[in-house]
Every structure is written in structure tokens, then in C-alpha cells.
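Colleague: For reference, the structure I am asking about is given below.
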Amino acid sequence: MTSLALLLPLLPVLGALIVLVAPETQALAIGIAVAAVTTCVATVVAVSALLDPGRVDVAGPVLLDLPGAVMTGVAALVGLAAAIASPGYARDRPRRRAYVVKLLAFWAVLLALPLADNIGVAWVLVEASTAVSALLVAFGGTPRALEAAWKYLVLTTIGLALALLGIVIVSAGLGDSVGLAALDWDSLATTTRLLDHDAALVAYVLIIGGLAAKVGWAPAHNWLPDAHSQAPAPASALLSAVLLPEVLLVAWRTEVAFAPAIGGHAARAPFLIFGLASLVVAVPFLARAMPWKRLLAYSSLEHMGVVAIGIGAGSRLALIGAALHVVSHAVIKCVAFLAAIPLLAVQPDADSHPPGGIGRTGPRLGALLAVCLIALAGLPPSPLFASELLIAWGAVQGGQPWVAAALLFALALAFIGLAGSAIDIVAARTELSDPRPALAVVGPLAGVAAALAVALVVAAAYLPDSGVADAIVAALA
Amino acid sequence: MTPTLAWAVAGLGLVGLAVARRRTAIALVTLEALILAVASGEALPAAILAGRAALLGGLLFLTVRRTTEVRPLIPPASPLVRLSVGISLALALAWLVPSLGLTSRDAELAALALVAFGLVTTILHRSTLHQIAGIVTLENGVALAALAAPGGASLAIELGAAVDLVLVATVALVLHDRVFAAFGTSDATQLGSLRD
């Protein structure tokens, strides 16, 4: 079953080739059919890996392990959703064939990336994802889309070039023994110990700093709100729900590989710094009235920050929380970005102006948007509440209560912002011209947020000794 | 990779930072990669670098011919300022970064200098083609480091990096064309409407 993993990136590529020769009118339908077949194969691969967890070297630099299987499953489901939603975006647009080909090519890279058993191969795939997705970001053809695509391409390419320099330094440190296999994740954990400590540290900082530009962590986040807001909604879903966490997975694997050489604390420190910086940057924007997809982009910045803190906290519980957060965020964000398609049909200027009063004209759409925002805000029963709790709790367990406190404080503020936005988007009488949130809603929301924060703190303080932790870890591990 | 060749490539990067003419900048980055190809001393890495240089150089020159600017795009910073910033960053990196384990410290410093010059070229030039040339200079710095690694870097990685660079540069040129068509110029300062 695991050898089916080799097929995963090939199926969308094959589909793209079929779309190239098929009539343009069939492009979207072929895209959906290819996505359905690919998702079935991906589900089989992911489920087989989940049922029999453990590292499987499939072939060459292809690896199937638990995190990779989870991300593959997420990539497949979000890709299928994006393909199914694509007719809503592209049905009446020119160049549908080009759109489907680019979407499938991007998806192929996303399906390959979690399976890369080698830092060099992973780098090549991440860079390839930049090239293909930049074309998708620019697909709208407007000056703003071009601007977003240009920023995205330039900033992430510079970051990835620096990451490549880090990989070259690792190669240099390994001397004559270097070969592609020496850069496998498992080998790296051993071979990085052979590196000079300072050189290993420089290489690590370059790799993580470079990947940070691609994840969109602050302060290298400038491209993120632009690219996610200007890309076609299905591409935005893939960018936010799949690409960012997959690059984060590469960063996490790098951290695991370098920790023996540079020390666990040094390896985790950049994650905490980037995570907290991302929260600090994202939270004020979540309280501002802004176009729907742009708001979601800042939410992505916030959630990638949360996951980074989960990795940086380092305890097993925090890592489980980070994994749960990635999956939950992917599902919710995918739905939220795809909801932009009906939203733009109702309010065509919602891609450049804050939407407002959707609930008055379209109750079902309004309810959907509100549920998405409230779920992203982490209000129970959102699975993000549970994952944030696990991460905060993991940070306390890992001896970093100040990190947990900062995380919870930022999450409470983010909740106020997103909940305020949800109220405005659904129930405001007119479209919003004032970029400030209505003061009337801030007070009650602050109360709810404070209660939420207190609940999280109490849970984080009480649960580690309650035995519930062991049960959850046993269930999730 | 002899120290002389390494510093020669870095020198070309420095000149590329100062020049305002797009054709000259492209010629310089192409020459950098060709010198690296000659200096590599092994057939396959040389072929990869030379192939990348030829392909990228050709694409960039074709694009310059196709998108002629009505007025020259004068960078916001004067050549002296650009050179000062580039040299300062290169010196700072040389001071901050410890030994990287390459075959010679000269190669390390030259690679870091190229990275610095590429970064500053991308940041301080207005022309989108200059920004692409800056990225290529940066990647040339990485290629220099790879050539100076004991035992060389993995060929598969070198090939993948070269293919990716060509892919990214091609996409960048497509975007450059569209920017030129939309704005009538390839001035990157036109791309500043998305702000919060």
C-alpha cells in the first residue's frame, strides 16, 4: 500500500497533461475527476500509514511516516475541495485550462513535499511550489494580483536561497562523505553531530530563517496577506491550509535533525521567537475591518505562529497539539477560503473592501462565514480550542509558563478581533467604511475572551496532573 | 576554486550592484555563472552551471529586448550608496559568520560577499529585471559555496537547485512581462498598492 505513495504526485501531473490536450470546456471536469482519483489513492496511503505508524522508506528519497501521512491526507482533502470549488471560481473566466493545469501542478508538489525524506529534495520541492503558486497568485491578472505575485516570488526566493546556503554548509561540513543520502532526515540527525558547532548553528539559522520566509512567519510575512488575498480562492485554500504547514513540517524535521548538534534549546528557540512575533503582528490586524480573504490571511499568520510555539515548546503534548492544530486549521481555513466564492458573488467588492451585513441578504452564507471565524477564533467546540489548550499546556509542562501566558493573552486578543469581525460581517447594517471595530462589541467580547483565557489557564494548570493528559496522549499517539 | 577566481566572481557581483543598465547587469550575472562553471573543474557541475548561465542569460536578454523602457529606471539610491550598503553588509557577514567549513576562507568570504551583493541589488534597484539579476547573483554565491565545499555538494541538489532557479526566473520573467504590460514600465515601485 505504501508504494502507492509514489503515484501521488504523478496523478495530478498526468491530469495536467490530459487537461492540456483536452478541450478547454472539459478542463474543470477533468480537474475534479483527477482530484477524486488522487484523493482516493492518498486516503489509502494515509490510512495505511496511520494504522501501522512507523517510518517506511518507500523508495529513494521518499519517506512515509506519521506526520507525512497526516499532511498527505490533509493535502489530498483540501486539493479535492479546491478542485470541486474551482468551477465556481473559473467557470466564466478565460484561460480555464491554464488555471486547472497550474492548480494540478501546484497540488502535485504539495502531495510530494510531505513524502520527501531529504532536506535537499524538500528544498527543491518548496522552491518549485513557489514558482507554480506564484503563477496562480497572478492568475487574476489585475495589477494587485501581479503585485502580490511579485512580492511572493521575490521574498520567498530570497529566503529559500539563504536556506540553500545553509544546506550547502551542512554538505561542506560532512566533507567527502557527502551524497544525497547524507542529507536524509535520519542521516542528518547523526551527521550534523560531525559538524563544527558554530557552522552547524549558522547552517541551522539560515535554513530555519529561509523557511520562515516561506511559512510567512513575522517578520518575513509581508507577502502572505497579499498573496493569499489575491490568489483565486481555491489556490488560497491550498496556500494557507496545505503549503504553510507543509513547509512548517520541513522546518520541524530540520529542528529534529539539528537538535543533537546544536542543542534542543537552541534548536527550538527560533520557533518560539517566530511564533510569538507572528502572533504580535497578526493580532492587531484581526481586530480591523478588512476584506474577507485578507482577514483570513492574517488569521493564517496567527495560526502558523501558534503551531510554531507548539514546536518551540518542545514537549510531547505541545507537539501533539501542534499536529492537531495543523489539521483543524487546514479544514476550517479551507472552508473559509472557499466560502469567498459565494461571498464574492453576493458582494463583488468583498475582495477589496470589508464585507458587511451578509446575514441580512444571505442567512446561510452569513452563518457559514460566522462559523468559520468563530471556529478560527478558537471558541469551543472548535477543535482549535483543544489544540491551543494542548499547546499551552505543553508549554507549561515543558517549563515555559511565560510562553503559555503570552500565547493565551494573544489568543484572547485574537478572539476579540475575529469575533468582532464575525459580528460586523454577518450583522452590520451597511458595509463598513470605518476600519476600527465597533466599540460596542469590544466590551462583551473582551469578557468572553477573558473567560476563555481563564478557562485555558485553569485547564493548563490542572490537567497535567489529572491523568486526563495520559489518556489523551495515549489516544492521539 | 582558486581565491583569485572566487574574488573575481565577487567583484562582478559588486559591479552588478553599481550598474544601472539592465543589459550590463544581465551580462555580469551570466559571466559570474560561466566563471563558476570554468572554475568548478569537474564536468557535470560545470555543465549544470554553464547550462543554467546560458539559459538564464538568453531568457533575460530576450526579455530586455522585448520590454524596452521609455525612460531609464534610475534606482532610488545612488551607485555610491548602493556600493556602500553592499560592501558594509559583506563586511558585516564576514565579521559575524564563523568558518563554514569550505575549502578556503577566501571562498567563504567571496560567497558571503556575493550573497550580500545579490540581496542589496534586489532591494535597492527599481527595475524588476535588476531584482531578478540580484536573485541570480545571490544564487551564484550559493553555487560558489557549493563548489568550494570539500567533496563538492550533492550533484542531485546542484541540478535541482539549477532547475529550480531557471523555473523561478522564468516565472519571474513572465510576471515581469505582465507588469510591463499593465503599467507600461517594469518599475517595481509601481507595485505598492497593497497595504494595510
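Colleague: Please find, within the range B:172-188, the residue that is nearest to A:Leu135 (Cα to Cα) out of those that are facing chain A (nearest Cβ under 9 Å) and either at pLDDT below 85 or open to solvent by 10 Å² or more (accessible area, probe 1.4 Å) (or both). Walk me through how you get there before you give the answer.
Modeller: Initial filter on the range B:172-188 (facing chain A (nearest Cβ under 9 Å)): B:172, B:174-176, B:178-179, B:182-183, B:188.
When the remaining residues are screened for being either at pLDDT below 85 or open to solvent by 10 Å² or more (accessible area, probe 1.4 Å) (or both), the result is B:174, B:178, B:182-183, B:188.
Numbers: B:Val174: 9, B:Arg178: 11, B:Ala182: 16, B:Phe183: 18, B:Ala188: 18 Å.
Of everything passing the filter in the range B:172-188, B:Val174 is nearest to A:Leu135 (Cα to Cα).
Colleague: Let me ask another. Can you confirm whether A:Ala163 is in a helix (DSSP H, G or I), open to solvent by less than 20 Å² (accessible area, probe 1.4 Å), in contact (Cβ under 8 Å) with a residue 40 or more places away in the chain and more than 7 Å from chain B (Cβ to nearest Cβ)? Talk me through it step by step, then tell me what you get.
Modeller: Numbers: in a helix (DSSP H, G or I): yes; open to solvent by less than 20 Å² (accessible area, probe 1.4 Å): yes; in contact (Cβ under 8 Å) with a residue 40 or more places away in the chain: yes; more than 7 Å from chain B (Cβ to nearest Cβ): yes.
For A:Ala163, the condition - in a helix (DSSP H, G or I), open to solvent by less than 20 Å² (accessible area, probe 1.4 Å), in contact (Cβ under 8 Å) with a residue 40 or more places away in the chain and more than 7 Å from chain B (Cβ to nearest Cβ) - is met.
Colleague: Report yes if some residue within the range A:313-320 is assigned to a loop (DSSP other than H, G, I, E, B), at positive phi and open to solvent by less than 50 Å² (accessible area, probe 1.4 Å); otherwise report no.
Modeller: Step one: of the range A:313-320, the residues assigned to a loop (DSSP other than H, G, I, E, B) are A:314-315.
From what is left, the residues that are at positive phi are A:314.
Now restrict to residues that are open to solvent by less than 50 Å² (accessible area, probe 1.4 Å): A:314.
Among the residues of the range A:313-320, at least one is assigned to a loop (DSSP other than H, G, I, E, B), at positive phi and open to solvent by less than 50 Å² (accessible area, probe 1.4 Å), which makes the answer yes.
Colleague: Here is a further query. Among the residues of the range B:77-93, which ones are among the aliphatic types (A, V, I, L, M) and in a loop (DSSP other than H, G, I, E, B)? Spell out how you get there, then give the answer.
Modeller: Step one: of the range B:77-93, the residues among the aliphatic types (A, V, I, L, M) are B:77, B:80-81, B:83, B:85, B:87, B:89-93.
Residue satisfying the conditions is B:Ala77 alone.
Colleague: Here is a further query. Mind listing whichever residues of the range A:142-160 are within 7 Å of chain B (Cβ to nearest Cβ) and out of contact with any Leu (no Cβ under 9 Å at 6 or more places or on another chain)?
Modeller: Matches in the range A:142-160: A:Val154 only.
Colleague: Could you look through the range B:119-134, keep only residues that are open to solvent by 20 Å² or more (accessible area, probe 1.4 Å) and aliphatic (A, V, I, L, M), and pick out the one that is nearest to A:Val168 (Cα to Cα)?
Modeller: Among those that are open to solvent by 20 Å² or more (accessible area, probe 1.4 Å) and aliphatic (A, V, I, L, M), it is B:Leu119.
Colleague: Out of A:Leu4, A:Leu11, A:Leu17, A:Leu28, which single residue is assigned to a helix (DSSP H, G or I), open to solvent by 40 Å² or more (accessible area, probe 1.4 Å) and in contact (Cβ under 8 Å) with a residue 12 or more places away in the chain?
Modeller: A:Leu4
Colleague: Here's something else I'd like to know. It is to be established whether one or more residues within the range B:61-77 are open to solvent by 30 Å² or more (accessible area, probe 1.4 Å) and within 23 Å of B:Asp164 (Cα to Cα).
Modeller: Checked the range B:61-77: at least one residue is open to solvent by 30 Å² or more (accessible area, probe 1.4 Å) and within 23 Å of B:Asp164 (Cα to Cα).
Colleague: Mind checking which residues of the range B:124-145 are part of a helix (DSSP H, G or I) and more than 9 Å from chain A (Cβ to nearest Cβ)? If you could, list the steps in order and put the result at the bottom.
Modeller: Applying the first criterion (part of a helix (DSSP H, G or I)) to the range B:124-145 yields B:124, B:128-145.
Residues satisfying the conditions are B:Leu124, B:Leu129, B:His130, B:Ala133, B:Val136, B:Thr137, B:Asn140, B:Leu144.
Colleague: Let me ask another. Within the range B:28-54, work out how many residues are touching a residue at least 60 places away in the same chain (Cβ under 8 Å) and polar (S, T, N, Q).
Modeller: To start, the set of residues in the range B:28-54 that are touching a residue at least 60 places away in the same chain (Cβ under 8 Å) comprises B:28-29, B:32-33, B:36, B:39-40, B:42, B:44-45, B:48-49, B:51-52.
Filter once more, so that each one left must be polar (S, T, N, Q): B:40.
Residues flagged as touching a residue at least 60 places away in the same chain (Cβ under 8 Å) and polar (S, T, N, Q) within the range B:28-54 amount to 1.
Colleague: Considering only residues that are of a type outside the set (A, V, I, L, M) and closer than 23 Å to B:Leu138 by Cα, look in the range A:177-212 and name the one that is most open to solvent (accessible area, probe 1.4 Å). Give the derivation first.
Modeller: Filtering the range A:177-212 for residues of a type outside the set (A, V, I, L, M) gives A:177, A:179, A:184-187, A:190-193, A:196-198, A:204, A:209-210.
With closer than 23 Å to B:Leu138 by Cα added as a condition, the list becomes A:198, A:204, A:209-210.
Details: A:Asp198: 76, A:Tyr204: 2, A:Gly209: 32, A:Gly210: 1 Å².
Here the answer is A:Asp198.
Colleague: Now a separate question. Tell me which helices (runs of 4 or more DSSP H) are completely within the range A:325-396 and hold 3 or more residues being of a type outside the set (Phe, Trp, Tyr) and open to solvent by less than 50 Å² (accessible area, probe 1.4 Å), or say none if there are none. First the steps, then the outcome.
Modeller: Working: elements: A:340-346, A:358-361, A:363-377.
In the range A:325-396, the matching helices (runs of 4 or more DSSP H) lie at A:340-346, A:363-377.
Colleague: Inspect all residues belonging to the range B:2-13 and state whether any of them is farther than 18 Å from B:Thr137 by Cβ, within 14 Å of chain A (Cβ to nearest Cβ) and open to solvent by less than 50 Å² (accessible area, probe 1.4 Å).
Modeller: Taking the range B:2-13 as the starting set, the residues that turn out to be farther than 18 Å from B:Thr137 by Cβ are B:2-4.
Of the ones still in play, those that are also within 14 Å of chain A (Cβ to nearest Cβ) are none.
Checking the range B:2-13: not a single residue is farther than 18 Å from B:Thr137 by Cβ, within 14 Å of chain A (Cβ to nearest Cβ) and open to solvent by less than 50 Å² (accessible area, probe 1.4 Å).
Colleague: Sticking with this structure for a sec: Report every pair of residues separated by at least 6 positions or lying on different chains whose Cβ atoms are under 6 Å apart, first residue within the range B:85-99 and free of Cβ contacts under 8 Å to residues at least 24 places away in the same chain, second exposed (fewer than 15 other Cβ atoms within 10 Å of the Cβ) and not small (Gly, Ala, Ser).
Modeller: B:Pro98/A:Asp198
Colleague: Hey, among A:Val168, A:Val132, A:Val124, which residue is in contact with a helix residue (DSSP H, G or I) (Cβ under 6 Å, 6 or more places away or on another chain), at the interface with another protein chain (Cβ under 9 Å from one of its Cβ atoms) and open to solvent by 30 Å² or more (accessible area, probe 1.4 Å)? Spell out the reasoning first.
Modeller: Numbers: A:Val168 fails: open to solvent by 30 Å² or more (accessible area, probe 1.4 Å); A:Val132 fails: open to solvent by 30 Å² or more (accessible area, probe 1.4 Å).
Checking each option against the conditions leaves just A:Val124.
Colleague: Quick check on my filter: what residues within the range B:146-166 are surrounded by fewer than 22 Cβ atoms within 10 Å (Cβ to Cβ), assigned to a helix (DSSP H, G or I) and more than 17 Å from the chain's Cα centre (by Cα)?
Modeller: B:Leu155, B:Ala156, B:Leu159, B:Gly160, listed by residue number.
Colleague: Now for a different question. Before we move on, is A:Ile391 modelled with pLDDT of 95 or more and either touching a Gly at 6+ places or on another chain (Cβ under 6 Å) or among the polar types (S, T, N, Q) (or both)?
Modeller: For A:Ile391, the condition - modelled with pLDDT of 95 or more and either touching a Gly at 6+ places or on another chain (Cβ under 6 Å) or among the polar types (S, T, N, Q) (or both) - is met.
Colleague: A further question follows. Of everything in the range A:183-232 that's hydrophobic (A, V, I, L, M, F, W, C) and not in a helix (DSSP H, G or I), which residue is farthest from the chain's Cα centre (by Cα)?
Modeller: Ranking the qualifying residues of the range A:183-232, first place goes to A:Leu195.
Colleague: Which ones in the range A:173-190 are modelled with pLDDT of 85 or more and at the interface with chain B (Cβ under 8 Å from one of its Cβ atoms)?
Modeller: A:Leu183
Colleague: Ok, one more. If B:Ala116 satisfies all but one of (1) assigned to a helix (DSSP H, G or I); (2) open to solvent by 40 Å² or more (accessible area, probe 1.4 Å); (3) more than 10 Å from chain A (Cβ to nearest Cβ); (4) not basic (Lys, Arg), what's the number of the condition it fails?
Modeller: (2)
Colleague: Can you confirm whether A:Arg193 is more than 13 Å from chain B (Cβ to nearest Cβ), over 27 Å from A:Ala76 (Cα atoms) and touching a residue at least 12 places away in the same chain (Cβ under 8 Å)?
Modeller: Values: more than 13 Å from chain B (Cβ to nearest Cβ): yes; over 27 Å from A:Ala76 (Cα atoms): yes; touching a residue at least 12 places away in the same chain (Cβ under 8 Å): yes.
Judged against the criteria, A:Arg193 is a match.
Colleague: Another question, then. In the range A:273-290, which residues are surrounded by fewer than 22 Cβ atoms within 10 Å (Cβ to Cβ) and more than 14 Å from every other protein chain (Cβ to nearest Cβ)? Lay out the reasoning, then the answer.
Modeller: The first filter runs over the range A:273-290 and keeps only residues surrounded by fewer than 22 Cβ atoms within 10 Å (Cβ to Cβ), leaving A:273, A:276-277, A:280-281, A:284-285, A:287-288.
Matches in the range A:273-290: A:Ile273, A:Leu276, A:Ala277, A:Val280.
Colleague: Looking at the structure I just gave you, is B:Arg65 part of a helix (DSSP H, G or I) and either at pLDDT 95 or above or within 25 Å of B:Ala116 (Cβ to Cβ) (or both)? Please lay out each step first, then the result.
Modeller: On the way: part of a helix (DSSP H, G or I): yes; either at pLDDT 95 or above or within 25 Å of B:Ala116 (Cβ to Cβ) (or both): no.
Spelling it out, it is not the case that B:Arg65 is part of a helix (DSSP H, G or I) and either at pLDDT 95 or above or within 25 Å of B:Ala116 (Cβ to Cβ) (or both).
The values are calculated or read from the model by the stated rules, or taken from the named source; none is laboratory data. Just so it is clear, the structure is predicted and the values come from calculations on it, not from any experiment. Backbone-built Cβ (ideal geometry, glycine too); neighbour counts: all protein chains shown. Heads up: the accessible areas ignore ligands, DNA and RNA and are worked out on the full protein's heavy atoms, side chains in. Shrake-Rupley method; radii C 1.70, N 1.55, O 1.52, S 1.80 Å.
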